[in-house]
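Below is one structure, written out as structure tokens; the observations come after it.
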Ligand code: CP
């Protein structure tokens, strides 16, 4: 296994599959205190509910102790301490660091100055590889396979780090994609070039209704106010899509709706009780996949 998980590209196809297998074993038996002698640092420079709490739950279920912060206002960052110095300090205290940071590339930089494994829990608009691992696990659990699936990614495809990581991970499994977004939030060219090089088909649309009935997975995303520099542009697109129950009446029987959450109003509450809604279970899957990632990066080979 690689030392760090910064980009989903750090894990090969086989390593991804190994992680998903380990996650399934942890789901079967979620309390395995194999790291009673380990300390895991959870350092969040940006808000989070699911990623931080599921990482901390995962660490606790593995018997590790957790240190860290979720509010930089209480840290020496407010006195001007650099990211480099913060990471050097934390890697003196902990055996593994989980970091979320608003700057693209910050997690990679942290891994370069850390003496212990670093896991990227989201860096700006760039990558969110552990979210991708739980997305893959959710897809595998609900569809019974990862290969040959039609995935409709909807919403903020420009700034959404979860769709960028997921697109790259799914490229191992012969997918086809539909990208549903307004012009302002289209999938960046670099990701489309990446798919072209791999001969992976994709189409683009602005209409949410175009890609519902033939999708295996609809991956909804939030329009992220915090990524916009122009508030007027955000106001123009913030309510562009809202998936409701009547819109999915002719979808495939096993179609599942995923969302990394939090949602604002892009999925109507009436969808929550549908058999197609899977976003809350998806978030629960984060505990098992993060247990697997921690265990593998800390050198446990036989899970
Ligand atoms: N999916 C996700 O990253 O959620 P949080 O921002 O709550 O961690």
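The values are calculated or read from the model by the stated rules, or taken from the named source; none is laboratory data. Owing to the predicted nature of the structure, the values given are computational and were not obtained by experimental measurement. Glycine gets a Cβ as well: all are built from the backbone with ideal geometry, and neighbour counts include every protein chain shown.
In table form, for the structure just shown:
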read-out	value
Residue in the range 146-153 that is surrounded by fewer than 23 Cβ atoms within 10 Å (Cβ to Cβ), within 18 Å of residue 11 (Cα to Cα) and more than 13 Å from the ligand (Cβ to nearest atom) present	yes
Given (1) in contact with a strand residue (DSSP E or B) (Cβ under 9 Å, 6 or more places away or on another chain); (2) modelled with pLDDT of 95 or more; (3) within 25 Å of residue 17 (Cβ to Cβ), index of the condition residue 141 fails	(1)
Matching residues, the range 280-303, being surrounded by 19 or more Cβ atoms within 10 Å (Cβ to Cβ) and under 27 Å from residue 226 (Cβ atoms)	282, 283, 285, 286, 287, 289, 290, 293
Hey, residue 131 under 16 Å from residue 9 (Cβ atoms), in contact with a helix residue (DSSP H, G or I) (Cβ under 8 Å, 6 or more places away or on another chain) and at pLDDT 95 or above or not	yes
Residue among 221, 180 that alone is closer than 25 Å to residue 48 by Cα, buried (at least 20 other Cβ atoms within 10 Å of the Cβ) and touching a residue at least 60 places away in the same chain (Cβ under 8 Å)	221
Residue in the range 41-52 that is surrounded by the fewest Cβ atoms within 10 Å (Cβ to Cβ), counting only those that are within 16 Å of the ligand (Cβ to nearest atom) and assigned to a strand (DSSP E or B)	44
Residue under evaluation residue 74, criteria (1) farther than 23 Å from residue 292 by Cβ; (2) at pLDDT 95 or above, criterion not met	(2)
Filter result (touching a residue at least 40 places away in the same chain (Cβ under 8 Å) and more than 18 Å from residue 52 (Cα to Cα)) within the range 92-113	93, 108, 111
The one condition in (1) touching a helix residue (DSSP H, G or I) at 6+ places or on another chain (Cβ under 8 Å); (2) buried (at least 20 other Cβ atoms within 10 Å of the Cβ) that residue 254 fails to fulfil	(2)
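Results for (1) without any contact (Cβ under 8 Å) to a residue 40 or more places away in the chain; (2) under 19 Å from the mean Cα position of the chain (by Cα); (3) surrounded by fewer than 16 Cβ atoms within 10 Å (Cβ to Cβ), shown as yes or no for each residue.
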site	(1), (2), (3)
191	yes, yes, no
207	yes, no, yes
231	yes, no, yes
258	no, yes, no
